[in-house]
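Written out below as structure tokens is the structure these notes cover.
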Amino acid sequence: MLATGYTLSATTALPFAEAVERVRVELQADGFGVLCEIDVRATMKAKLGVDSEPYTILGACNPPLAHRALQAEPELGVLLPCNVVVYVRDGTTHVSAIDAERMLSIVGNDGLGPVAAEVRARLAAVVERVAGA
């Protein structure tokens with residue numbers, strides 16, 4: 001897994017559709033539900049007439065962790081849910097999740113540290129399991 005400035009990323013040998021489904025399964029195994037799904041390819045085609053490779057954004061939420069975070073910082077909702085993306089570039093399927101520690105560091109609330117670390121660890125585990133599939 002590669003940690004960039006704001007994501008936890010990996011490639012997988014899974015085809016795109018299987019990777020999206022596997023991300024759903026792995027998120028659920030770590031207590032996350034998928035609140036929303038955005039088919040970026042279909043949206044770009046419909047709105048701009050642009051053809052592109054598959055790209056899906058899954059908006060994931062772990063309710064107990066979200067509750068803890070919102071108790072510490074009520075305006076944190078602007079940064080929720082935690083997005084996980086699955087996309088194809090040059091024939092390779094990629095999976096990336098937000099690095100919650102990096103994202104929540106901008107808030108400047110030390111009370112979010114433990115929640116951010118737990119979210120990061122869980123999302124990293126999801127990405128790693130999908131990459132290893």
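Among the residues of the stretch 102-132, those that are surrounded by fewer than 20 Cβ atoms within 10 Å (Cβ to Cβ), closer than 18 Å to G31 by Cα and more than 13 Å from the chain's Cα centre (by Cα) comprise P114, A117, E118, R129. When the stretch 24-45 is filtered for residues that are over 13 Å from the mean Cα position of the chain (by Cα) and either of a type in the set (G, A, S) or closer than 18 Å to L80 by Cα (or both), the ones remaining, listed by number, are A29, G31, A42. Checking each residue in the stretch 73-88 for being in a helix (DSSP H, G or I) and of a type in the set (A, V, I, L, M, F, W, C) picks out L76, V78, L79.
Within the span defined as the stretch 64-86, every residue fails to be modelled with pLDDT of 95 or more and touching a Pro at 6+ places or on another chain (Cβ under 7 Å). For the stretch 1-31, taking the residues that are closer than 12 Å to A131 by Cα and modelled with pLDDT under 95, the one that is surrounded by the fewest Cβ atoms within 10 Å (Cβ to Cβ) is identified as L2.
From the list T56, T92, T43, the one residue that fits, being polar (S, T, N, Q) and free of Cβ contacts under 8 Å to residues at least 24 places away in the same chain, is T43. I'm checking my understanding of the structure. Among residues of the stretch 40-67 that are of a type in the set (D, E, K, R) and outside any helix (DSSP H, G or I), which one is surrounded by the most Cβ atoms within 10 Å (Cβ to Cβ)? The extreme case among them is E53. The numbered conditions (1) of a type outside the set (S, T, N, Q); (2) in a strand (DSSP E or B); (3) exposed (fewer than 15 other Cβ atoms within 10 Å of the Cβ); (4) touching a helix residue (DSSP H, G or I) at 6+ places or on another chain (Cβ under 7 Å) are all true for V34 except (3). Inclusion of L70 among residues that are surrounded by 14 or more Cβ atoms within 10 Å (Cβ to Cβ) and assigned to a helix (DSSP H, G or I) is warranted. Entry remark, the stretch 89-124: residues being in contact with a strand residue (DSSP E or B) (Cβ under 7 Å, 6 or more places away or on another chain) and assigned to a strand (DSSP E or B) number 7 in total. Checked against (1) over 19 Å from R89 (Cβ atoms); (2) free of Cβ contacts under 8 Å to residues at least 40 places away in the same chain; (3) not in a helix (DSSP H, G or I), E21 passes all but a single condition, namely (3).
The values are calculated or read from the model by the stated rules, or taken from the named source; none is laboratory data. Remember, predicted model here, so these are calculated numbers, not experimental data. Note that we place each Cβ from the backbone using ideal geometry, even for glycine, and neighbour counts take in every protein chain shown.
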